Amino acid sequence: MINIIKYSQEEKNNNQLIDEIVNFLFINLENFGDPIQYIRNALNYAFGRTNSNSGFVAVAYNDNNIMVGAAVVLYTNMKGVFPENLFAYLAVDKNHRHQGIGSKLMQYVLDNTNGSLSLQVDPKNTARQLYEKFGFEVKYLEMRLYRM
């Protein structure tokens with residue numbers, strides 16, 4: 001059985017939990033992930049550790065209380081051109097994939113957010129099928145200008 005726990009600003013001083021989630025995401029996002037500092041920045045935002053709108057992290061645990069999945073949602077507090085929520089990360093432990101954990105996390109996120117959600121996914125990422133199953137669709141082509 002999978003148990004999902006929602007963590008938010010109340011846990012912003014729980015460095016051990018935040019480190020555990022950051023490391024879990026870094027490892028399990030694999031080649032579709034970001035540098036560890038980017039993941040940490042997203043969690044700092046979600047937990048309200050910065051001057052941000054905050055958000056939440058949903059963590060899936062198995063019967064042995066081992067983390068097997070995590071999802072990160074950031075509140076933008078915008079409406080219109082930009083959705084109110086940014087679905088920043090979703091990862092399932094590579095040894096527990098194809099067991100419905102990603103779907104449970106997706107449904108949990110949808111049940112615990114108000115307003116629209118956006119997410120970014122690599123076109124080659126098989127998780128795209130999961131997002132489309134839940135109604136996500138390609139709306140815009142994202143373009144970025146990176147500056148150092």
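Of the residues A42, A60, which single one is touching a Gly at 6+ places or on another chain (Cβ under 8 Å), in contact (Cβ under 8 Å) with a residue 40 or more places away in the chain and of a type in the set (G, A, S)?
Values: A42 fails: touching a Gly at 6+ places or on another chain (Cβ under 8 Å).
Within the list A42, A60, the selection yields A60.
Please verify whether V138 is β-branched (V, I, T) and either part of a loop (DSSP other than H, G, I, E, B) or on the phi > 0 side of the Ramachandran plot (or both), treating the condition exactly as stated.
So V138 fits the description; yes.
For residues that are surrounded by fewer than 22 Cβ atoms within 10 Å (Cβ to Cβ), modelled with pLDDT under 95 and aromatic (F, W, Y), tally how many sit in the range 76-110.
The total comes to 1.
For the range 27-47, which positions are surrounded by fewer than 19 Cβ atoms within 10 Å (Cβ to Cβ), of a type outside the set (S, T, N, Q) and in a helix (DSSP H, G or I)?
Within the range 27-47, I27, E30, F32, I36, Y38 qualify.
Is it fair to say I4 is assigned to a strand (DSSP E or B), in contact with a helix residue (DSSP H, G or I) (Cβ under 7 Å, 6 or more places away or on another chain) and surrounded by fewer than 21 Cβ atoms within 10 Å (Cβ to Cβ)? Give the derivation first.
Numbers: assigned to a strand (DSSP E or B): yes; in contact with a helix residue (DSSP H, G or I) (Cβ under 7 Å, 6 or more places away or on another chain): yes; surrounded by fewer than 21 Cβ atoms within 10 Å (Cβ to Cβ): yes.
When the stated conditions are applied, I4 passes them.
The values are calculated or read from the model by the stated rules, or taken from the named source; none is laboratory data. As the structure is a computational prediction, the values presented were derived from the model and not from experiment. Every residue, glycine as well, gets a Cβ built from its backbone with ideal geometry; the counts of neighbours run over all protein chains shown.
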